[in-house]
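Worksheet: one structure, shown below.
The values are calculated or read from the model by the stated rules, or taken from the named source; none is laboratory data. Quantities reported herein were computed from a predicted structural model and do not represent experimental measurements. For neighbour counting, all protein chains shown are included, and Cβ atoms are generated from backbone atoms with ideal geometry for every residue, glycine included.
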Amino acid sequence: MNAFSRSLVLRRTVAALCLAGGLSLSLADAAYCVDEPTADGDSAGAAVSDSAITVKVKSKLMDDSTVKSSHIKVVTTNGVVTLTGSTMTAESKSTAVELARSVDGVKSVDDELTTGSGTESMRKAAAKTETESSDSWITTKVKSDITADGMSKGFDVHVETMHGVVMLRGTLANKDAVSHVKGLAEKVKGVKSVDTSGLVIG
């Protein structure tokens with residue numbers, strides 16, 4: 001087996017393991033994993049994993065003041081992002097679609113969003129989102145920061161947030177890795193404390 005073949009097998013194996021046990025959002029989105037190289041060995045143009053795209057789209061939507069109060073579900077299949085749910089206005093709907101399109105690896109966006117500005121149901125949904133978005137935003141932001149960080153990308157870490165307390169679970173290589181991930185979580189706005197008791201070294 002030549003060097004390229006061995007590299008290809010290794011990358012595919014790592015990607016499979018990462019998707020199987022990686023980070024997950026509340027909708028069980030997996031973490032960003034290693035891109036597979038293209039046939040000519042150039043990984044620069046390799047497709048970004050669907051789960052990584054979903055994480056990045058969710059992060060962009062939650063960071064944007066125009067759409068963060070909307071109820072939007074994100075699903076990615078073969079690079080095609082499908083947005084379902086509702087937004088308060090046509091402007092926020094359009095913004096959500098554009099944000100999704102701006103994420104690297106997105107081939108196209110299937111817009112299935114509805115608008116309901118001024119309706120009672122939307123007002124109730126907005127009020128509910130206001131109370132729940134903090135923990136959800138923190139979880140997504142922590143996951144996004146971990147996957148974007150060069151040192152921690154690919155770490156097997158599950159993130160949950162309850163009332164501002166971030167709980168990390170998974171298996172890491174050493175104490176330095178635990179400290180690094182904890183530090184990333186502590187820097188996220190709104191985090192009150194970080195519980196690393198669920199992280200094990202192995």
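Quick rundown of the values:
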{"item": "Strands (runs of 3 or more DSSP E) lying entirely in region 141-202 (those with 2 or more residues that are surrounded by 21 or more Cβ atoms within 10 Å (Cβ to Cβ) and without any contact (Cβ under 8 Å) to a residue 24 or more places away in the chain)", "result": "none"}
{"item": "Hits in region 69-83 - residues which are outside any loop (DSSP other than H, G, I, E, B), surrounded by fewer than 18 Cβ atoms within 10 Å (Cβ to Cβ) and of a type outside the set (A, V, I, L, M)", "result": "His71, Lys73, Thr77, Thr82"}
{"item": "Only one of Ser86, Ser94 that is among the polar types (S, T, N, Q), buried (at least 16 other Cβ atoms within 10 Å of the Cβ) and modelled with pLDDT of 90 or more", "result": "Ser94"}
